[in-house]
Amino acid sequence: MLQKTFGDNCLSRASIFDWCKLFKESRERVDDEPRPGRPATSTDDQYVNKMTELVLENRRLTVRDRTGTVGISEGAVKTILKDHL
């Protein structure tokens, strides 16, 4: 029935069984559960504020220029520019 309704956008049969099992085991939300590990620190407010200042000063700086100035990875710079600004 789900494949008729949603077509190619439908979850696989195995995924549906996994979700059903999780909800039977008392899961209440579909949001991701917190995972253990080190939290991301390169996209915290301090770096977002620095990046905002850099963008306001000079919008023509490249990602590589911003990486060198702020001192974080290119991926973190791209994440800040895309998701936070």
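The values are calculated or read from the model by the stated rules, or taken from the named source; none is laboratory data. What you see is a predicted model; the values in this text were computed from it and never measured. When we count neighbours, we look across all protein chains shown, and the Cβ atoms used for this are built from the backbone with ideal geometry, even at glycine.
Are there any pairs with C-beta distances below 9 angstrom linking a residue in the range 13-38 that is of a type in the set (A, V, I, L, M) to a residue that is surrounded by 10 or more Cβ atoms within 10 Å (Cβ to Cβ) and modelled with pLDDT under 80, with the two at least 6 apart or on different chains, and if so which?
16/2
Just need a number here: residues in the range 14-46 that are over 30 Å from residue 67 (Cα atoms) and touching a helix residue (DSSP H, G or I) at 6+ places or on another chain (Cβ under 9 Å).
The number of residues fulfilling the criteria is 3.
Among the residues that make up the range 34-46, is at least one of them more than 18 Å from the chain's Cα centre (by Cα), among the β-branched types (Val, Ile, Thr) and outside any helix (DSSP H, G or I)?
No, the range 34-46 has no match at all.
Would you point out which residue out of 62, 43, 52 is loosely packed, with under 13 Cβ neighbours inside 10 Å and either over 30 Å from residue 2 (Cα atoms) or of a type in the set (Gly, Ala, Ser) (or both)?
Within the list 62, 43, 52, the selection yields 62.
Might you let me know whether the range 66-84 holds any residue that is modelled with pLDDT under 80, part of a loop (DSSP other than H, G, I, E, B) and of a type outside the set (S, T, N, Q)?
Checked the range 66-84: no residue is modelled with pLDDT under 80, part of a loop (DSSP other than H, G, I, E, B) and of a type outside the set (S, T, N, Q).
This table checks each residue for (1) at pLDDT 85 or above; (2) in contact with a strand residue (DSSP E or B) (Cβ under 9 Å, 6 or more places away or on another chain); (3) more than 15 Å from residue 72 (Cα to Cα); (4) in the same structural domain as residue 71 (by TED's automatic domain parsing).
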site: 11; (1), (2), (3), (4): no, no, yes, no
site: 15; (1), (2), (3), (4): yes, no, yes, no
site: 20; (1), (2), (3), (4): yes, no, yes, no
site: 26; (1), (2), (3), (4): yes, no, yes, no
site: 38; (1), (2), (3), (4): no, no, yes, no
site: 51; (1), (2), (3), (4): no, no, no, yes
